[in-house]
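Everything on this sheet refers to the single structure shown next.
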Ligand code: PNS
């Protein structure tokens, strides 16, 4: 069984993330979306909420599972007995950062292979942080995140508005 892990912060999941998950789910028997528990950074959504929102938007993809992890990604991959890591790339800035991480992960575990999937042009400008910024200042975030999570996002982002 070919298993791949797609890791990230997903605060919140965007349409760009969802596109990568959908495309990956066609290439692998199982895709595990790994949501990083980052104790140093308080997010808009807590981990349980992020997992719940992702589960909602991938409910039509039976071979996609959502799990949270903390610590090193390669340790999570060992626990899941998975050797394939999927990363989405939007631009060369992503590439610079991801290239370094791929090398580090390879150094930590030589069996891990990082596969890069280019973001669809339609989504290549979207990031969770830009969505939060737009939302914070009352901009229109429709089309940037899945429709089914827009209401949850609006409720949370209200707290950030002055
Ligand atoms: O969505 P993000 O925030 O760009 O995702 C980054 C993530 C979670 C993939 C990355 O921060 C990560 O793998 N964190 C776990 C710690 C780790 O294993 N780092 C790799 C060595 S530098």
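Specify the angular offset, from 0 to 90 degrees and rounded to the nearest 10, of the alpha carbon long axis of helix 92-108 from the longest principal axis of the alpha carbons in the chain. The answer is roughly 40 degrees. Counted by neighbouring Cβ atoms within 10 Å, the residues 14, 93, 114 run from fewest to most as 93, 114, 14. Seen against the Cα atoms of the chain and their longest principal axis, helix 15-27 is set at about 30 degrees. Which residues in the range 142-162 place their backbone N less than 17 Å from a point set 7 Å from the Cα of residue 42 along the Cα-to-Cβ direction? What the label zone holds, given the 17 Å backbone N cut-off, is 156-162. What does the C-alpha gyration tensor say about the overall shape of the range 47-133? Classify as rounded when a/c is under 1.5, otherwise prolate if a/b is larger than b/c, or oblate. Here the range 47-133 falls in the oblate category. Stretching the chain fully between residue 114 and residue 93 yields a gain of 5.9 nm (0.36 nm per residue, less the alpha carbon separation).
For the options 87, 41, 26, a Gaussian network treatment of the chain with springs between C-alpha atoms closer than 10 Å singles out 41 as fluctuating the most. Quick one: grab the alpha carbon gyration tensor of the range 9-96, order the square roots of its eigenvalues as a ≥ b ≥ c, and give me rounded if a/c is under 1.5, else prolate or oblate depending on whether a/b is larger than b/c. Taking the square roots of the gyration eigenvalues as a ≥ b ≥ c, the range 9-96 is rounded.
Would you mind checking the tilt of helix 47-57 against the longest principal axis of the Cα atoms of the chain, expressed as 0 to 90 degrees and rounded to 10? For 47-57 against the chain, the angle is about 90 degrees. If you run the Gaussian network model on the chain, springs between alpha carbon atoms under 10 Å, then out of 28, 137, 95 the most flexible one is 137. What percentages make up the Cα-Cα pair-distance distribution of the range 105-162 when the bins are 10 Å wide from 0? Histogramming the range 105-162 at 10 Å steps yields 19, 37, 20, 19, 6 percent.
Counting other Cβ atoms within 10 Å as a rough exposure proxy, the listed residues 81, 122 run 81, 122 from fewest neighbours to most. Applying the Kirkwood pairwise sum to the alpha-carbon positions of the chain produces a hydrodynamic radius of 16.3 angstrom.
Every number here is computed from the coordinates shown, using simple stated rules; none is lab data. Note that the structure is a prediction, hence the values are computed from the model and not measured. Glycine also receives a Cβ, built like all others from the backbone with ideal geometry; neighbour counts cover every protein chain displayed.
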